[in-house]
1. I'd like the GluC sites (Glu not before Pro) in region 3-92 restricted to DSSP loop residues with at most 11 other Cβ atoms within 10 Å, sorted by number.
2. Would you calculate a helix-derived [θ] at 222 nm for the chain, using -39,500 (n - 2.57) for each DSSP H run of n ≥ 4 and dividing by the full residue count, to the nearest 500?
3. Using Cα pairs under 8 angstrom and six or more residues apart, how large is the relative contact order of the chain, in percent?
4. Of Ala174, Ser125, Ser147, which is farthest on the positive side of the dipole of region 68-188, counting Cα position, with +1 on Lys and Arg Cβ, -1 on Asp and Glu Cβ, and the Cα centre as origin?
5. Could you work out the relative contact order of region 126-186? I mean the mean sequence separation of Cα pairs under 8 Å and 6+ apart, divided by the number of residues, in percent.
6. Extending each Cα 7 Å along its Cβ direction at Glu65 and Glu272, get the distance between those two points in nm, one decimal.
7. Just want to confirm a number: the relative contact order over region 52-125, from Cα pairs under 8 angstrom separated by 6+ residues, in percent.
8. Would you please give the residues with an amide H less than 5 Å from that of Val182, counting only those at least 5 places away or on a separate chain, with H modeled from the backbone geometry?
Amino acid sequence: MRALLIGSQGQLGSDLCRVWRGDLIALPHEALDVCDRDQAFAVIARERPELVINTAAYHRVDDCETNGARAFEVNGLGAKNVADAAREAGAAVMWISTDYVFDGEKGSPYVEDDLPRPLSVYGASKVAGEHLVRQCNSNHYIVRSSSLFGVAGASGKGGNFVETMIRKARDGEALRVVDDQVSSPTMTFDLAEKLQELAATGRYGLYHVTNSGQTSWCNFAAKIFDLMGLSPSLTPISSAELAAPARRPACSVMENRALKETGVGPMRPWEEALAAYLGEKGYL
Ligand SMILES: NC(=O)c1ccc[n+]([C@@H]2O[C@H](COP(=O)([O-])OP(=O)(O)OC[C@H]3O[C@@H](n4cnc5c(N)ncnc54)[C@H](OP(=O)(O)O)[C@@H]3O)[C@@H](O)[C@H]2O)c1
């Protein structure tokens, strides 16, 4: 399948470049800005892909609270521009959403038809993006994932949680990490492989795609240190103590139900993915 990838130098984008089998036109931010509607139409029409994968996002969750216009420009209208341009070129679109569309109050893993209720501007902008992609291009895959880590690090966030924890531990910093937010950490390499498998099915729709299992940020940090043989001072704290500008869901674990129903194999546990990541980075 001939695919066009937007955001190719990001954490997920760079892993898509590694795993994709078939033609892949990989475009970094400089080559296609999703906020530039004319450019999106011109580039996608010129390249004639069968599928456009849009990984671009403004996802500094706390900054989105004070820069809502930018969040909606990139995550809402940017998603629409690409979905429209893909439709006009006769291509399907794949767009990445987030567990932060949920409020975290359900008490059991979210399934695809649970109603989103975002707590943050970022989450609201991604819900807007979901609606616009769905409305503008009926041949769409909307894929929600969570707590991403990949070898490239998130360019939009200046790294990822794993790297931040390792750096702080090595610097001898005493760590205070939130223990009342639970999600399924997901390795972008594993996600990229599933996106490829999903694209081959032709079964459009909404999917939750995460590594299996669940953990709090504090336990995630503890597992990183355990695997690496590091023993920094690590104190669990509450979200209230951290007092971050954006509210985040308490438990945003998502069941990968639609993925299973489509016949795409399950994702490995997040601990295995973490060990693979640390090995690939040369830490183990
Ligand atoms: N990171 C997470 O924990 C997480 C969790 C759930 C869902 N997601 C979603 O997963 C997707 C991929 O995340 P990621 O971690 O791979 O992020 P990332 O590393 O920041 O990658 C995003 C890429 O998009 C590019 N980009 C940003 N704004 C753009 C624009 N206006 N036009 C075109 N390209 C643009 C960025 O380039 P520059 O850096 O050069 O601007 C970057 O290469 C996003 O949709 C995100 O919302 C992420």
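1. Numbers: sites: Glu30, Glu47, Glu50, Glu65, Glu73, Glu88; in loops: Glu30, Glu50.
Sites meeting the loop and neighbour criteria: Glu30.
2. Mean residue ellipticity at 222 nm (helix-derived): -11500 deg cm²/dmol.
3. Details: 597 pairs, mean separation 59.0, N = 284.
Rounded, it is 21 percent for the chain.
4. Toward the positive end, the furthest listed residue is Ala174.
5. 34
6. Each label point is offset 7 Å from its Cα along the Cβ direction, giving 3.8 nm.
7. Computed value for region 52-125: 40 percent relative contact order.
8. Amide H neighbours of Val182: Cys251, Ser252.
The values are calculated or read from the model by the stated rules, or taken from the named source; none is laboratory data. Remember, it's a predicted structure, so these values are computed and weren't measured experimentally. Positions of Cβ are backbone-derived with ideal geometry, glycine not excepted, and every protein chain shown enters the neighbour counts. Accessible surface areas use protein heavy atoms only, side chains included; no ligands, DNA or RNA. Shrake-Rupley method; radii C 1.70, N 1.55, O 1.52, S 1.80 Å.
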